[in-house]
Amino acid sequence: QVQLVESGGGLVQAGGSLRLSCAVSGRIERYAMAWFRQAPGKEREFVAGIAWYGEDTYYGNFVNGRFTITRYNLNSYLQMNSLKPEDTAVYYCAVSARSTTPTVLEVYYDYWGQGTQVTVSS
């Protein structure tokens, strides 16, 4: 059983920073990792992804250099800087066991965390 647990969400003022963590446990080998987010009334969208070897990273168009995804051991981290009110959403960590390269399509991810709330006040 593979489990993902996110942490690090919270309330921050516009312009502030947060660092999200995703802890992966269970039996899984060589997987891509990604972060998605879902704001109220909106569809879930791709935020960032990182390949198994950690050298290739991908970001949603709205990131514009503000976020950085990394991975260490089995876990993933999302450093978010210069946060804006429109970044308010529930952030989800996802793992794809079928590919070592991330994709923006959530259907290709096999395991998901429960989500962590990020709220950015203006």
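The values are calculated or read from the model by the stated rules, or taken from the named source; none is laboratory data. Keep in mind that what you see is a predicted model, and the values were worked out from it rather than measured. For neighbour counting, all protein chains shown are included, and Cβ atoms are generated from backbone atoms with ideal geometry for every residue, glycine included. These area figures cover heavy atoms from the full protein model, side chains too; ligands, DNA and RNA do not enter into them. Shrake-Rupley method; radii C 1.70, N 1.55, O 1.52, S 1.80 Å.
Any residue at all in segment 10-19 that is open to solvent by less than 40 Å² (accessible area, probe 1.4 Å), out of contact with any strand residue (DSSP E or B) (no Cβ under 7 Å at 6 or more places or on another chain) and at pLDDT 95 or above? Even if it seems obvious, please write down each step before you answer.
Quick first cut of segment 10-19, residues open to solvent by less than 40 Å² (accessible area, probe 1.4 Å) only: 10, 12, 16, 18.
Pick out the ones that are also out of contact with any strand residue (DSSP E or B) (no Cβ under 7 Å at 6 or more places or on another chain) and you get 16.
If we keep only those that are at pLDDT 95 or above too, we end up with 16.
So far as segment 10-19 goes, yes, one or more of its residues are open to solvent by less than 40 Å² (accessible area, probe 1.4 Å), out of contact with any strand residue (DSSP E or B) (no Cβ under 7 Å at 6 or more places or on another chain) and at pLDDT 95 or above.
Residues that are over 13 Å from the mean Cα position of the chain (by Cα) and modelled with pLDDT of 95 or more within segment 65-94 comprise G65, R66, N81, S82, L83, K84, P85, E86, T88, listed in sequence order.
If you go through segment 4-20 one residue at a time, do you hit one that is closer than 17 Å to G113 by Cβ and over 14 Å from the mean Cα position of the chain (by Cα)?
Within segment 4-20, one or more residues are closer than 17 Å to G113 by Cβ and over 14 Å from the mean Cα position of the chain (by Cα).
Considering segment 33-122, the qualifying strands (runs of 3 or more DSSP E), each wholly inside and each with 1 or more residues that are under 16 Å from S17 (Cβ atoms), open to solvent by less than 50 Å² (accessible area, probe 1.4 Å) and not basic (K, R), run over 45-50, 67-72, 75-80, 89-96, 116-121.
Counting only residues that are at negative phi and more than 14 Å from the chain's Cα centre (by Cα), which one in segment 21-30 is surrounded by the most Cβ atoms within 10 Å (Cβ to Cβ)?
Looking only at segment 21-30, we keep the residues that are at negative phi, and these are 21-25, 27-29.
Of the ones still in play, those that are also more than 14 Å from the chain's Cα centre (by Cα) are 25, 27-29.
On the way: S25: 12, R27: 6, I28: 15, E29: 7.
It comes out as I28.
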